[in-house]
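**Q** Got a structure for you, questions after.
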Amino acid sequence: MFRIQVDNLKFKLPNETDPLFVISHLVVNPGEKLAIIGPNGTGKTSFLKALISKTESSQIKIHGTIAYVAQSQGFTSESGGEKVKRELNEAFDQHPDILLLDEPTANLDQENQNWLINKITHSRASILVVSHDQFLLANNFSKIIDFGQKRKA
């Protein structure tokens, strides 16, 4: 059984007539790892948020639990890398069926990037990662979805 199935998803921003992206058909199977790439502003994070909220529920079917690690923003007493590593640990510790990661290496040093790659490699979860990090993208992903093309997956 699939973990995620998306059919005929057209995502529009409020007050826009053209869709930000269109996904005609996408299936993510158990344990499959997908990288989502593309320029800023093409809808990568919006796609992850649509999966979490299932706002387009007739177009999105989810089977299993989801953990989400958002792109690190804001100021805390922790450094960016400390915050990201803590959030990643919390997400992996949930043992979700589906793990959604948005720019997880943005604040990680090389040692922690290697730690993350190891965690992704050994995870049984279906994982979708939004990233611009070529080092991360060179590892472990069975599919790469390019939002840089006018989105028609």
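The values are calculated or read from the model by the stated rules, or taken from the named source; none is laboratory data. Just so it is clear, the structure is predicted and the values come from calculations on it, not from any experiment. Ideal geometry is used to build each Cβ from the backbone, glycine not excepted, and the neighbour counts take in all protein chains shown.
**Q** Quick one: how many residues across region 65-85 are without any contact (Cβ under 8 Å) to a residue 24 or more places away in the chain and surrounded by 16 or more Cβ atoms within 10 Å (Cβ to Cβ)?
**A** 0
**Q** Select, from Ile37, Ile60, the only residue that is closer than 22 Å to Lys10 by Cα and touching a Gly at 6+ places or on another chain (Cβ under 9 Å).
**A** Being closer than 22 Å to Lys10 by Cα and touching a Gly at 6+ places or on another chain (Cβ under 9 Å) holds for just one of Ile37, Ile60, which is Ile37.
**Q** Within region 86-105, track down each residue that is touching a helix residue (DSSP H, G or I) at 6+ places or on another chain (Cβ under 7 Å) and assigned to a loop (DSSP other than H, G, I, E, B).
**A** Pro104, Thr105
**Q** Kindly check whether there is at least one residue in region 86-100 that is closer than 27 Å to Leu9 by Cβ, buried (at least 17 other Cβ atoms within 10 Å of the Cβ) and modelled with pLDDT under 90.
**A** No, region 86-100 contains no residue that is closer than 27 Å to Leu9 by Cβ, buried (at least 17 other Cβ atoms within 10 Å of the Cβ) and modelled with pLDDT under 90.
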